[in-house]
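To keep things clear, I will list the structure first and then write my remarks on it.
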Amino acid sequence: MEFRTSVIIGLLLVGLTMGTGLPVRGATCTGATYKSSAFDQEVTEFSPFDTIYLILDCTGLSSGEHTMHANWLHNQRGMIRSDSHTFTTEDGNKKGLYFWFKLSKKGPVASMLSNQDFHEQNFGDWTAEIYLDDARVIERGFNISD
């Protein structure tokens, strides 16, 4: 029983460490959300008509191929979408990437019958989790409301 308890505690500690978003092989990433493609003002509140842009900058990347992916999570419904970019860098280079997300509208008949353009269950709090080479590096929260 003592061995099982130690293993469970060890696995919990490993899970907590992996969830902190530590730098990946010396790389440091920052990110922000915007509603304009001019990327002039960072925002976290969006309407369902907005396109949500997530701009990322990473420095200290090792040379070679990397993959960055974004998971778009509704805080009650779970993962709604996942996107990825694969890119190559020289040692220590800075790399800027962006992802975007837009809510899908209801179909014309459903929209006409409900007098609403969007599914209300998609409103609320969201989180964008960003991974670099399968290690979480950024987590950004935002809200979509009518």
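Summary of computed values
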read-out: Enumeration of residues in segment 26-42 that are surrounded by 15 or more Cβ atoms within 10 Å (Cβ to Cβ) and within 16 Å of the chain's Cα centre (by Cα); value: C29, G31, A32, T33, Y34, K35
read-out: Neighbours by Cβ (under 6 Å, 6+ apart or cross-chain): first from segment 116-144, closer than 16 Å to K102 by Cα; second of a type in the set (S, T, Y) and at pLDDT below 95; value: D117/S111; F123/S145
read-out: The lone exception for E45 - which of (1) at pLDDT 95 or above; (2) surrounded by 13 or more Cβ atoms within 10 Å (Cβ to Cβ) it fails; value: (2)
read-out: Matching residues in segment 42-80 - criterion: being among the charged types (D, E, K, R) and in contact with a helix residue (DSSP H, G or I) (Cβ under 7 Å, 6 or more places away or on another chain); value: R77
read-out: Some residue of segment 65-75 being touching a residue at least 60 places away in the same chain (Cβ under 8 Å), among the hydroxyl-bearing types (S, T, Y) and surrounded by fewer than 19 Cβ atoms within 10 Å (Cβ to Cβ); value: yes
read-out: Hey, Y53 at pLDDT 95 or above, in a strand (DSSP E or B) and surrounded by 14 or more Cβ atoms within 10 Å (Cβ to Cβ) or not; value: yes
read-out: Long-range neighbours under 9 Å by Cβ, at least six apart or interchain, first residue over 14 Å from D57 (Cα atoms) within segment 79-92, second basic (K, R) and not in a strand (DSSP E or B); value: none
read-out: Filter result (assigned to a strand (DSSP E or B) and of a type outside the set (A, V, I, L, M)) within segment 125-146; value: D125, W126, T127, E129, Y131, R136, E139, R140, G141, F142, N143
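The values are calculated or read from the model by the stated rules, or taken from the named source; none is laboratory data. Computed from a predicted model, the values in this text were never measured in an experiment. Quick reminder, even Gly has a Cβ in these numbers, built from the backbone with ideal geometry, and neighbours come from all protein chains shown.
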